[in-house]
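J.: Please find one structure pasted underneath; my questions will follow.
Derivation of every value follows stated rules applied to the coordinates shown; laboratory data play no part. Owing to the predicted nature of the structure, the values given are computational and were not obtained by experimental measurement. Every residue, glycine as well, gets a Cβ built from its backbone with ideal geometry; the counts of neighbours run over all protein chains shown.
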Amino acid sequence: MHSYDEPVYLISVVAKVLNIHPQTLRQYEREGLVEPSRTQGRMRLYSQRDIDRIKLILRLTRDLGVNLAGVDIIMQLKEKIDAMQKEIDSLREELRRENSSCIVPSHKAVVAKNNYEIIIFEDE
C-alpha cells in the first residue's frame, strides 16, 4: 500500500479513474490547481492527495458551476482555513497543557478577563 502523498499514478490512470480527458489534467496543472510530481523522464505522477484534490475541483466545476479562477480562489481559502485550524488546534493543546499544569511560567503574564476567559501574554 502506498502513502497518501506518494506519487504513483500515471496521468492515463488518473484520467480513466476520474472519467476525464488527460488534457483536462494538463489544464489543471497549467492553471496551478494541481502539481503532480515528475519522474526523471518528465512523466507526471499523481498521489492519492492529488486525486482527491482533482475530485474536489471536478465537484466545484461540474456540480456547482464554479469556473477555474473561482476554483483557484476557493482552494487558496481552503488551504488558509486548514492552516488556521491547525494553529487553533495547537493553541488549544497548549492551553490544555497550561491549564492541566496550573503553573504559569514566570516569563508569561496572566490576565483574567472574566470567569470564562484567561489570556496568557508571552514575552518575545
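J.: Which net charge results for the neighbourhood of K80, defined as the other residues with beta-carbon distances under 14 angstrom from its beta-carbon, given Lys and Arg at +1 and Asp and Glu at -1? Walk me through the numbers before you get to the answer.
T.: Numbers: positive: K78, K86; negative: D72, E79, D82, E87.
Charge balance in the 14 Å sphere: -2.
J.: Give a residue-ordered list of calculated ³J(HN,Hα) values for region 50-58 (Karplus: 6.51 cos²θ - 1.76 cosθ + 1.60, θ = phi - 60°; whole Hz; x for Gly, Pro).
T.: Per residue, the Karplus-derived 3J(HN,Hα) values read 4, 4, 5, 5, 5, 4, 5, 4, 5 Hz.
J.: Count the net charge of all other residues whose Cβ sits under 15 Å from the Cβ of L64, scoring Lys and Arg as +1 and Asp and Glu as -1.
T.: On the way: positive: K55, R59, R62, K78; negative: D63, D72.
That sum, taken over residues with Cβ under 15 Å, equals +2.
J.: Oh, and also: Using θ = phi - 60° and the Karplus curve 6.51 cos²θ - 1.76 cosθ + 1.60, what whole-Hz ³J(HN,Hα) does each residue of region 95-100 get, with Gly and Pro shown as x?
T.: For region 95-100, the Karplus curve yields 5, 4, 5, 5, 5, 6 Hz.
J.: Summing Lys, Arg as +1 and Asp, Glu as -1, what charge do residues with Cβ under 9 Å from the Cβ of P36 carry, P36 excluded?
T.: On the way: positive: R38, R44; negative: E29, E35, D50.
So the environment of P36 carries a net charge of -1.
J.: Which of the residue pairs K55/K80; K55/K78; K16/K55 have a Cα-Cα distance greater than 24 Å in the structure shown?
T.: On the way: K55/K80 19 Å; K55/K78 15 Å; K16/K55 13 Å.
Result: no pair exceeds 24 Å.
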